[in-house]
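Read through the structure below, which is laid out as structure tokens, and then see the notes.
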Amino acid sequence: MTSALRRVRGPRVLAGTVGFILVGAFLVGCASQGQPPATPTLTFDVITQTTQKLDSIVWTGTQFLYVENTANTVWAAPPAGHPLTQFATMPKLVEETRCVLSPGSQGFATGVIFCHSPDNKIYEISPDGSSVTLFASLPAPYPPASDGGLVFDTVGRFGYRLLAATGRSGGPQPVGGIVYTIDPHGHVQRVGSYGVPGGADELVMAPGRFGSVAGDALLTVDAGASGAVVAIDPNGTTRTIATFPEGPNPIAPIPELPGKNGSAGAPRSGLYLNDDLTGYTYLAPAASLARYAGDVIVGTETRAHFWILEPTGNGFAKVPLRDNLPAGTHGLEQALFVSS
């Protein structure tokens, strides 16, 4: 049986196009013939190429924001993903900063951007980028630099606050870090620490029906040659729910997304993923992940391997995914779902 998968062969910029296909027909066909199901396959297309060293991506509802490593500059782009214009700057500092959009509720102003810098400061950026102010300082040691894990609690177990995680990724030392919550007034409260080798690259919220850790915070902890996804609950209790033979970085809960795209000029609905070495932004359409809504997708930074994490009883299964990224892809950073 022939698969209709397409491969990315070298640099290719396809602005406004998508190419992330799960071969459902192939799986059904194999099952009907009594063969074991094939491994689901992801087919990526590059939708835009920006500058290199862009480690965070945010969709504001009207534009994309990219955050530049070390320079700590935030760049804006229209729905197509390019061209870039400077949006805001924070103090220059070596290593990665992650940014998130305010939910515009629970006391957090609409349209505001919050960013976690490597020195464990949280900055607030106005909706138009004209104002950058210090919002909170985490009471954690610096150095080591943190990789900026930051997320809003959208489930409610942490009181709908902003969560931030410290930790230095990429090697087994230093070990772990601390997770904090921050209220709309900038008050910081410690949740607890995680003590596995490496540090958190990303921080997301587990979906509300994600098994035994529903509504917990999930950390992708990168120790270089190995790594884990660690859940932490509001009491500070941690649990490793998955381990990997290399360090994970991009992670995203898979929401219910529309199968069709919105108005003309809006970005395509689906999973966006950036690569800080090539400057590529990849896109996977929403329909291709519809069967996994409520689960979590996680990938590794240096070898571009992907898995779906799904609850099974009190534990979690890792469903490996094939992908078509070129051999040697090395530098995957933040993943983000966008609904147009």
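Numbers for the structure displayed
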read-out	value
In Å², nearest 10: area of residue 53 left accessible to a 1.4 Å probe	90
In order through region 277-293: 3J(HN,Hα) via Karplus (6.51 cos²θ - 1.76 cosθ + 1.60), integer Hz, x for Gly, Pro	8, 9, x, 6, 10, 9, 9, 10, x, 4, 4, 5, 10, 4, 5, 9, 4
Net charge of neighbours whose Cβ lies under 11 Å from the Cβ of residue 67, counting Lys and Arg as +1 and Asp and Glu as -1	-3
Cβ-based net charge around residue 281, under 11 Å, with every Lys or Arg adding one and every Asp or Glu removing one	-4
Largest to smallest accessible area among 187, 330 [probe 1.4 Å]	187, 330
Pairwise centroid distance, computed over Cα atoms, of region 162-191 with region 203-243, Å	13
Accessible surface, 1.4 Å probe, highest first, among residues 179, 319	319, 179
Rough spin-label spacing in nm, given labels placed 7 Å along Cα→Cβ, for residue 85 and residue 183	3.8
Heavy atoms of residue 310: accessible area, 1.4 Å probe, square angstrom to 10	50
Anisotropy class of region 217-304 from Cα gyration tensor, a/c 1.5 cut	oblate
Heavy-atom surface of region 201-276, accessible at 1.4 Å and reported per residue (Å²)	32
Correct option for P(r) over Cα pairs in 20 Å bins from 0, in percent [calculated from the coordinates] among [x] 28, 52, 19, 1; [y] 31, 58, 11, 0; [z] 33, 60, 7, 0	[z]
Region 260-314 shape via C-alpha gyration tensor axes, a/c threshold 1.5	oblate
Partner aspartates and glutamates for residue 318 [C-alpha distance under 19 Å; skip if fewer than 8 residues away on the same chain]	202, 216, 222, 246, 295, 301, 310
Hypothetical label at residue 130: residues of region 71-111 whose amide nitrogen lies under 14 Å (7 Å Cα-Cβ projection)	88
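The values are calculated or read from the model by the stated rules, or taken from the named source; none is laboratory data. What you are looking at is a predicted structure, and each value in this text was computed from that prediction instead of being measured. Because the Cβ atoms are built from the backbone with ideal geometry, glycine has one as well, and the counts that use them run over all protein chains shown. Just so you know, the surface numbers come from the protein's heavy atoms only, side chains and all, with ligands and any DNA or RNA stripped out. Shrake-Rupley method; radii C 1.70, N 1.55, O 1.52, S 1.80 Å.
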